[in-house]
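Taking it in order: structure first as structure tokens, then the write-up.
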Amino acid sequence: MKITKIHHIAIICSNYDRSKKFYVETLGFSIIQETYRIERDSYKLDLKVGENSQIELFSFPNSPPRVSQPEACGLRHLAFEVENIEETVLYLQSQNIQVEDIRVDEITDKKFTFFPDPDGLPLEIYEK
């Protein structure tokens, strides 16, 4: 067996319209396809991230909230690479998004920080 890449990341949101606006308008991901599945009362929005990655944004009625504080076992966060972290932080702050202080990875010496999506999912930006 040989895994060649991560194909997509799936995210379940509590408010589809709010999350769609955040991921498309604020973060700038383009829509590949949007599907409403009537039998599940659920949207599935396929988003293009960079050249080779995708996010599947799902909405389901009455999904339980994500446990994140204290940190639970499982996927911890989703990280995106950026060219200039200071510029990206200023942009996110201009969109009224709370961004943590920029830190430096002690192993790679690269700058990074975190901010939440509309449901509090921790998202990271990591400087190239």
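Points worth noting:
- Lysines with Cα under 30 Å of Lys2, excluding same-chain neighbours fewer than 8 positions away: Lys44, Lys48, Lys110, Lys128
- Unit charges at the beta carbon, dipole of the range 1-61: most positive-side option, Ile3, Gln54, Gln33: Ile3
- Tail fraction, Cα-Cα pairs, the chain, threshold 23 Å, whole percent: 38
- Global dimensions of the range 1-61 from alpha-carbon coordinates: Rg and Dmax equal 12.4, 39 Å.
- Taking the Cα centre of the chain as origin and assigning +1 to Lys and Arg Cβ atoms and -1 to Asp and Glu Cβ atoms, the resulting dipole is close to 500 debye.
- Modelled FRET efficiency - R0 41 Å, Ile6 with Glu39, Cβ distances, 0.05 increments: 0.90
- DSSP bridge orientation in the chain - percent antiparallel, rounded to nearest 5: 65
- Spacing of the two label points (7 Å from each Cα toward its C-beta) at Ile102 and Ala79, in nm: 1.7
- The magnitude of the dipole of the range 77-128, with charges of +1 and -1 set on the Cβ of Lys/Arg and Asp/Glu and taken from the Cα centre, is near 40 debye.
Here, each number is a calculation from the coordinates, and none is a lab measurement. Computed from a prediction, not measured in an experiment: that's the story for all the values here. Cβ: placed from backbone, ideal geometry, glycine included. Neighbour counts: every protein chain shown.
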